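Here is the structure we will look at.
The values are calculated or read from the model by the stated rules, or taken from the named source; none is laboratory data. A quick note: this is a predicted structure, and the numbers were derived from the prediction, not measured. Positions of Cβ are generated from backbone atoms using ideal geometry, with glycine treated the same way; all protein chains shown enter the neighbour counts. Ligands, DNA and RNA are excluded from the accessible area calculation, which covers all protein heavy atoms including side chains. Shrake-Rupley method; radii C 1.70, N 1.55, O 1.52, S 1.80 Å.
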Amino acid sequence: MSLVKTEKDAIRTAAAAKRRQIPAEIKQSTSKAMCSIFTSLASFRYADTLLMFFPMKDEPDVTYIAEEALAKGKRIAYPKCSKEDFSMVFHLVNSPAELVRGAYGIMEPPDDAPVYTPGSDSHDVCIIPALAFDICGNRLGYGKGYYDRWLPFFSGLKAGVAISDFVFDALPHGKFDCLVDIIVTEKGVIIRNEA
């Protein structure tokens with residue numbers, strides 16, 4: 001096992017345990033705050049499509065972003081994950097209510113939902129979950145690599161969302177890990193530090 005993987009696994013375990021201990025009312029208030037900040041961004045205003053995730057476990061509840069996008073005539077899409085080849089494909093839906101339980105117990109679009117195809121000149125935004133981020137845009141996901149395999153094909157804005165306590169100065173990362181452009185927390189927006 002590589003040193004980077006060992007370090008990542010240790011941080012994953014600690015971050016997941018810490019996140020589970022956050023009281024429900026704090027989770028709710030921080031989720032509302034980060035969603036409000038996100039929907040005030042020019043990136044949201046000019047986006048054609050928002051690539052969402054359905055919150056599981058103790059992830060920030062970004063449902064309000066999807067609802068606001070739909071209210072403003074934007075498209076929303078959610079990922080379907082394959083356990084066989086660890087691939088991920090986004091599908092367009094008309095509402096989060098269309099989602100069904102899929103791989104890993106995550107709510108996903110139905111099989112017949114239209115496939116979202118990333119464009120080369122995209123104003124679209126992908127909202128990306130994680131256990132933690134760092135100020136250089138590194139993301140600590142759940143270890144399956146779904147987003148790291150999919151994001152190289154996406155030219156739009158890559159936006160992480162997290163409670164500010166889960167944004168660190170530095171995280172271990174590998175050469176195939178994809179960076180986010182911004183991180184939205186309940187306290188504001190962190191633009192990736194290129195240093």
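Since only 90, 46, 77 are under comparison, the one whose Cα sits farthest along the positive direction of the charge dipole of the range 38-119, derived from C-beta charges on Lys, Arg, Asp and Glu, is 46.
Where [x] 11.0; [y] 16.4; [z] 12.4 are the candidate values, the label of the one calculated here for mean projected area of the Cα convex hull in nm² is [x]. Between residue 189 and residue 81, full extension at 0.36 nm per residue minus the direct alpha carbon distance yields a gain of 36.0 nm.
Approximating the spin labels as points 7 Å out from Cα along Cα→Cβ, the residue 115-to-residue 155 distance works out to 1.9 nm. Using DSSP to call loops (not H, G, I, E or B), can you name the chymotrypsin sites (Phe, Trp or Tyr not before Pro) in the range 113-186 whose Cβ has at most 12 other Cβ atoms within 10 angstrom? Answer by residue number: 176. In this Cβ point-charge picture (+1 for Lys and Arg, -1 for Asp and Glu), the range 16-87 has a dipole of about 120 debye about its Cα centre. The overall shape of the range 80-123, judged from the alpha-carbon gyration tensor, is oblate: a/c is not under 1.5, and a/b is no greater than b/c. The residues of the range 51-195 have, on average, 47 Å² of accessible surface per residue, using a 1.4 Å probe with all protein chains present.
Going down the table (27/80; 32/175; 8/72), which pairs top 30 Å between alpha carbons? In this structure, 32/175; 8/72 exceed 30 Å between Cα atoms. Residues of the range 109-147 with an amide N closer than 20 Å to a point placed 7 Å from the Cα of residue 68 along the Cα-to-Cβ direction: 123-130.
Its DSSP H runs of at least 4 residues, each contributing -39,500 (n - 2.57), put the calculated 222 nm mean residue ellipticity of the chain at -8000 deg cm²/dmol, to the nearest 500. Over the range 102-195, what is the percentage of antiparallel beta bridges among all DSSP beta bridges, to the nearest 5? Looking only at bridges with both residues in the range 102-195, the antiparallel portion is about 40 percent. Taking every DSSP bridge with both residues inside the chain, close to 50 percent are antiparallel.
Quick check on the range 58-150: take the gyration tensor over C-alpha atoms, sort the square-rooted eigenvalues as a ≥ b ≥ c, and tell me if it's rounded (a/c under 1.5), prolate or oblate. In terms of gyration-tensor shape, rounded.
With the Cα gyration tensor of the range 1-98 giving a ≥ b ≥ c as the square roots of its eigenvalues, does the rule (a/c under 1.5 for rounded; else a/b larger than b/c for prolate; else oblate) give rounded, prolate or oblate?
oblate
Across the chain, the relative contact order, built from alpha-carbon pairs under 8 Å that are at least six residues apart, equals 22 percent. The loop-placed trypsin sites (Lys or Arg not before Pro) in the range 76-125, going by DSSP, that have at most 14 neighbouring Cβ atoms within 10 Å of their Cβ come out as 83. Summary: within the chain, the longest segment free of GluC sites (Glu not before Pro) located in DSSP loops with at most 10 other C-beta atoms within 10 Å is 85-193. Span-like helix check, the chain: qualifying full DSSP H segments, with Cα axial length of 24 Å or more and mean Kyte-Doolittle of -1.0 or more, are 3-20. When a 1.4 Å probe is rolled over the protein heavy atoms, the share of accessible surface on the chain that falls to carbon and sulfur comes to 56 percent.
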